[in-house]
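Comments concern the structure below.
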C-alpha cells in the first residue's frame, strides 16, 4: 500500500537524497534526476522555498518511492518515481495540478516534464487534460561515454586551468557566471551571498570545480562544475559557463574535460551534460533523452 503526504524538509531532504542514490544503483538508466541535481536545486537562490511543503511524497512500507516537485518557481515540475510503482502515474499528475500550480502569462497552470521514453506517464497526462508543448519547451540531456585513453587537454597561451581548491574567489566566480549566462555588464554585488550559497552545498567539491584563468589579470573566464553521482560510475556537469569575450578559444572545452578527467580518477565512466548544443556534441556528448513539457491550464487568464 502506498500513501501520499506533504514534503517536510527537515526529515525528507536526506531521505530523498538516499532514494535517488538507490535508484541510480538499482536502475543504471534511471530516467529521473541524478542525486546531485536535487542538492543543486536546494542551493539555488531561484528555488521557491516558501512552498516546499506543497511537494508531494509517496511512500510504501515506510520507504520513499516517488515525489513530484518544483525546481525553481511553482508550476514547473518534475516527477521522480521508482519504476516499480508506475501505477502511481495518474495520481501524481493529478496531485501536480491540484497542489503545485504557478502563475504564468496564460494564467494559473502546471508544466510537468516527462521523459519521452515514458509513454505510460504521457498517457496519464493526456487523460487528465495535459497537452504536450512543442519542441522549444523541452529539456534535452546529453551524456559522454568517457573515452579510454582520455584525450589530451590543451589550453591556449595566456591562460591556465586550475580548481577552486587552488583559489576560491567567490567574486571571480560570480563574474564569470554572470557574464557566462549572457547578462550584460558587471554582476550585481547585492546577490553575492546567493552565489556563495551555491558554492556551499554539502557535497560541492572545490577540487573538482574547474576554472580557466587569464594570466593577464587573474580573472576567471570559464567555469565547469561537476558532481560525482553516488551509487554509480557517472558524474553530472552543472553549471558550465564561459565569458562571451573568451568563447571559441577552447577554454570551455578545457574546463569541462579537466573536470571530467578528475572524476575519471575516482572511477567515473559516464558524464551527463546539458543541452544538445554544438558545444557539447563537439566533445563527444550525445543526446540520450529528452524531457518534454506537458501543460495543464488550471485557470486561464481573464
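The values are calculated or read from the model by the stated rules, or taken from the named source; none is laboratory data. Computed from a predicted model, the values in this text were never measured in an experiment. All Cβ positions, glycine included, derive from the backbone under ideal geometry; neighbour counts span all protein chains shown.
Can you tell me which residues in segment 108-125 are loosely packed, with under 14 Cβ neighbours inside 10 Å and at pLDDT 95 or above?
Passing the criteria: 119, 120, 123.
Report whether or not residue 58 is within 30 Å of residue 192 (Cα to Cα), buried (at least 16 other Cβ atoms within 10 Å of the Cβ) and touching a strand residue (DSSP E or B) at 6+ places or on another chain (Cβ under 9 Å).
So residue 58 fails the test.
Restricting attention to segment 241-254, does a residue exist that is more than 24 Å from residue 291 (Cα to Cα), assigned by TED's automatic domain parsing to the domain that holds residue 183 and in a strand (DSSP E or B)?
For segment 241-254, residues more than 24 Å from residue 291 (Cα to Cα), assigned by TED's automatic domain parsing to the domain that holds residue 183 and in a strand (DSSP E or B): present.
Kindly provide the set of residues from segment 106-134 that are outside any loop (DSSP other than H, G, I, E, B) and within 19 Å of the chain's Cα centre (by Cα), ordered by number.
Hits for segment 106-134 are 111, 112, 113, 114, 115.
For segment 263-302, give me each residue that is surrounded by 12 or more Cβ atoms within 10 Å (Cβ to Cβ), in a loop (DSSP other than H, G, I, E, B) and touching a helix residue (DSSP H, G or I) at 6+ places or on another chain (Cβ under 8 Å).
Within segment 263-302, 268, 274, 283 qualify.
Residue 209 is checked against (1) under 14 Å from residue 173 (Cα atoms); (2) loosely packed, with under 14 Cβ neighbours inside 10 Å; (3) at pLDDT 95 or above; (4) touching a helix residue (DSSP H, G or I) at 6+ places or on another chain (Cβ under 8 Å) and fails just one. What number does that condition carry?
It fails just one condition, (2).
Assess whether residue 85 counts as being in contact with a strand residue (DSSP E or B) (Cβ under 8 Å, 6 or more places away or on another chain), assigned by TED's automatic domain parsing to the domain that holds residue 116, over 23 Å from residue 273 (Cα atoms) and touching a residue at least 60 places away in the same chain (Cβ under 8 Å).
Considered against the rule, which asks whether it is in contact with a strand residue (DSSP E or B) (Cβ under 8 Å, 6 or more places away or on another chain), assigned by TED's automatic domain parsing to the domain that holds residue 116, over 23 Å from residue 273 (Cα atoms) and touching a residue at least 60 places away in the same chain (Cβ under 8 Å), residue 85 comes out as yes.
Quick one: which strands (runs of 3 or more DSSP E) lie wholly within segment 1-105 and hold at least 1 residues that are touching a helix residue (DSSP H, G or I) at 6+ places or on another chain (Cβ under 8 Å) and within 24 Å of residue 236 (Cβ to Cβ)?
56-60, 63-70, 76-81
Among the residues of segment 238-262, write down those that are touching a strand residue (DSSP E or B) at 6+ places or on another chain (Cβ under 7 Å) and surrounded by fewer than 20 Cβ atoms within 10 Å (Cβ to Cβ).
If the condition is that a residue be touching a strand residue (DSSP E or B) at 6+ places or on another chain (Cβ under 7 Å) and surrounded by fewer than 20 Cβ atoms within 10 Å (Cβ to Cβ), then 238, 239 are the ones that fit.
Residue 29 is checked against (1) crowded, with 16+ Cβ neighbours inside 10 Å; (2) modelled with pLDDT under 95 and fails just one. What number does that condition carry?
With (1) crowded, with 16+ Cβ neighbours inside 10 Å; (2) modelled with pLDDT under 95 applied to residue 29, the lone miss is (1).
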